[in-house]
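Take a look at the structure set out below.
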Amino acid sequence: MKNYDAIALFSGGLDSILAARLVMEQGLKVKCLHFFSPFFGHPGRIAHWEKEYGLDIDPVDVSAEFVDLLKHGPAHGFGSAMNPCVDCKIVMISRARELMQEYGAKFIISGEVLGQRPMSQRRDTLNAIRRDAGVKDVLLRPLCAKLMDPTPMEESGLVDREKLKGFNGRGRKDQLALAEHFGITEIPTPGGGCKLTEKENTRRFWPVLSRLDRPTVNDFRLADTGRQFWMGDFWLAVGRHKYDNEVYAELQRLEDLHFKLAGFPGPIAIGRSSRQWDEETIRKAASLVASYSPKAVKAGEEGQSVGVRVTQNGKQVIVSITPCRESEFAEPTWEDARDELYALRKPAKKNEEQAEVGLE
């Protein structure tokens, strides 16, 4: 594997495609690394990308590193939602730095464009990313290189600086022209592709981070599947269809509560918490699960007994309940997540404002 000149961060977006191809055009051999986690990445599309764009791509799982970043809190803060864009880039570039020797690479390529994104692609932020990832001497940003200080790769002649670009701002005219130069006809739609930038996903993920003692990759994958309900730190995930049920079977832990209706068709659900479930909370959860079975609801309305099979640690009991959608278990909201995230941002913002007027 030690026969590459460079390794490139590859998201599947147009900028990452162009950055890699720009360096390859100089006769250098580039290995693209597609980083993925529960929040971003599409490793299943690698074969298509390789064929469509003429690239050599390997998947790299950074799930554990990314969850660890969220647990400890991003040093550079969250964006408009739950997205730690600056720290995310540092995680990926740091991992690329570790992989350089494995691929025999002399430098790292990133497709960032100066001024394209307000949080993560300002000049000061790009410099902070390079510094904190420890890649000052090995990071090349081909699309905006002419607007940045020359790198050792350019100064040594390994990379011809005159053949790099000086793209700036949020427009895509220059990128589209370069794509046409390379004969690229399948243009990826713009956007970061990270679930943490979206309100719908933030409302799902934030309770995992804020209410569980030690959230894991498994927890975030569960939060991304099916209906989500919380009552304090008691968490209930209810499947919507066969795919959800299959994912739950993969993610279920021995200590989880597994809910399944007895004698009626209906969803499978997983109950999870950092503490022990009490009987009353189990009954409330079982009642909510049963409310998603029309036949169980009808039976309850006719006075029939409705049972939900609850399994934990290999032990199974049947809980008799009345199906009920009204519950203390509630779906998390974007507004709750937004307010808590804003509260986290306020101290940093206050310190910045004080520093600007000389109060610190």
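The values are calculated or read from the model by the stated rules, or taken from the named source; none is laboratory data. All of these numbers come straight from a predicted model, not from anything done at the bench. Methodologically, a virtual Cβ is constructed for each residue, glycine included, from the backbone with ideal geometry; neighbour enumeration extends over all protein chains shown. Note: areas computed on protein heavy atoms with side chains; ligands, DNA, RNA excluded. Shrake-Rupley method; radii C 1.70, N 1.55, O 1.52, S 1.80 Å.
Ranking request for peptides 165-172, 83-90: highest mean number of other beta-carbon atoms within 10 Å first, then the rest in descending order.
Highest mean packing first, the order is 83-90, 165-172.
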Item to check | segment 209-360, accessible area per residue, ligands and nucleic acids excluded (1.4 Å, Å²) | outcome: 56
Checklist outcome for this item: Residue span residue 336 to residue 309: 0.36 nm per residue of separation minus Cα-Cα distance leaves a gain in nm of 6.5 nm
Checklist outcome for this item: With R₀ set to 35 angstrom, the calculated FRET efficiency between the beta-carbons of residue 25 and residue 65, to the nearest 0.05, is 0.65
Next on the checklist: As an exercise, use a Förster radius of 22 Å and the Cβ-Cβ distance of residue 80 and residue 170 to find the FRET efficiency, rounded to the nearest 0.05.
Outcome noted: 0.90
Checklist entry - If the cut-off is a Cα-Cα distance under 17 Å, which lysines reach residue 315, setting aside same-chain residues fewer than 8 apart in sequence? => result 260
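Please report the net charge: other residues with Cβ closer than 15 Å to the Cβ of residue 59, K and R +1, D and E -1. Let's see the in-between values first.
Numbers: positive: 31, 45, 95; negative: 50, 56, 58, 61, 65, 102.
In short, -3.
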Checklist entry - Ranked from highest to lowest mean number of other Cβ atoms within 10 Å per residue, what is the order of the peptides 138-148, 53-63, 329-339, 2-12? => result 138-148, 2-12, 53-63, 329-339
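Give the carbon-plus-sulfur fraction of the accessible surface of the chain in %, rounded to a whole number; probe 1.4 Å, heavy atoms of protein chains only.
Carbon and sulfur: 48 percent of the exposed surface of the chain.
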Item to check | Neighbour net charge for residue 43 - beta-carbon separation under 13 angstrom, K R +1, D E -1 | outcome: -2
Checklist entry - So between residue 214 and residue 131, what do we pick up on full extension, going 0.36 nm a residue minus the alpha carbon distance? => result 26.9 nm
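Measuring with a 1.4 Å probe in the full set of protein chains, what accessible area per residue, in whole Å², belongs to segment 1-145?
Values: 5550 Å² over 145 residues.
I get 38 Å² per residue for this part.
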Checklist outcome for this item: Expected sort for 127-137, 278-288, 32-42 on mean C-beta neighbours within 10 Å, highest first, is 32-42, 278-288, 127-137
Item to check | Theoretical gain in end-to-end length, residue 283 to residue 324 [0.36 nm per residue, Cα-Cα removed] | outcome: 13.7 nm
Next on the checklist: If the reach is capped at under 30 angstrom between alpha carbons, list the lysines near residue 173, excluding any in the same chain fewer than eight residues apart.
Outcome noted: 29, 31, 51, 89, 136, 146, 163, 165, 195, 199
